1. Under a straight-distance cross-link criterion of Cα-Cα below 19 Å, which aspartates and glutamates are reachable from residue 187, leaving out those fewer than 8 residues away in the same chain?
2. Provide the packing ranking of 47-58, 9-20, 67-78, i.e. peptides ordered by the mean count of other C-beta atoms within 10 Å per residue, highest first.
3. State the extension gain, in nm to one decimal, for the chain segment bounded by residue 100 and residue 204, taking 0.36 nm per residue of separation less the distance between their alpha-carbons.
4. Modelling each spin label as a point 7 Å along the Cα-to-Cβ direction, I'd like the residue 214/residue 18 distance in nm, to one decimal.
Amino acid sequence: MPTITILRRDKGKKESYEQTFSFEDKFRGSVVDLLHALNARETLEDASGAPAKRICFECSCETGSCGACAMLVNGTPMLACDAHLPDALRDGMLHLAPLTAFPCVCDLQVDRNVLRERARDAGLWLAGTPHSAEDAFFSECLHCGLCAEACEKYRSGRFDAPCAYTDADLLCGLEDADSARRKALKKSLKKALLCPCKTGECEDVCPRRLPLRQAIKRVGGSLFPF
């Protein structure tokens with residue numbers, strides 16, 4: 001019988017612990033579907049038969065369009081609704097954990113408000129209709145935080161989340177060079193850290209496959225032309 005192990009944390013606690021649950025071989029669906037199925041059990045017990053609390057996680061659209069269910073699936077940052085069983089199993093096992101780039105609220109739920117707060121502080125918001133199809137493409141960012149999880153520079157506190165630059169790139173295309181918003185954005189972003197990475201791991205985990213490194217490069221060229 002396949003098992004799912006979840007790195008859990010009770011709300012308001014600092015300590016994490018792992019708990020394993022078993023489920024039917026014939027189960028088919030996404031990881032989100034599996035979490036719903038576990039929580040729907042009349043009595044939730046772990047694989048040893050011990051009582052367990054309902055699993056805390058976030059989800060909304062369940063179609064890969066909102067980014068709410070971002071987590072680590074077998075160590076890989078991804079949307080849980082995009083991970084399907086049995087393909088997601090590794091030797092009959094599945095491991096889930098919350099994103100480490102953000103504070104854990106409870107179990108698999110994290111607080112990603114820092115992304116919105118950072119965007120607010122940098123003056124990042126839409127100012128009108130995108131000028132081109134490319135601008136519209138960048139505006140499809142879900143702000144799910146997966147790119148931040150994959151970015152070592154972000155987790156070390158030395159770089160903004162790559163997703164911030166999709167908004168910055170769009171704003172640079174909408175605002176005049178001497179606008180207050182562009183000046184605020186330039187003040188907020190650090191020139192030396194505009195493109196510190198060559199691996200592109202942020203693009204690999206992006207659900208929309210946005211060209212994040214290109215956005216970072218374009219923002220750098222727009223705000224800090226040489």
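1. 117, 121, 160, 167, 169, 175, 176, 178
2. Ranking the peptides 47-58, 9-20, 67-78 by packing returns 67-78, 47-58, 9-20.
3. 35.7 nm
4. 4.0
We did not get these values from a lab; they are worked out from the coordinates using the rules stated. Keep in mind the model is a prediction, meaning the values are calculated, not measured. Virtual Cβ from ideal backbone geometry, glycine too; neighbours counted across all protein chains shown.
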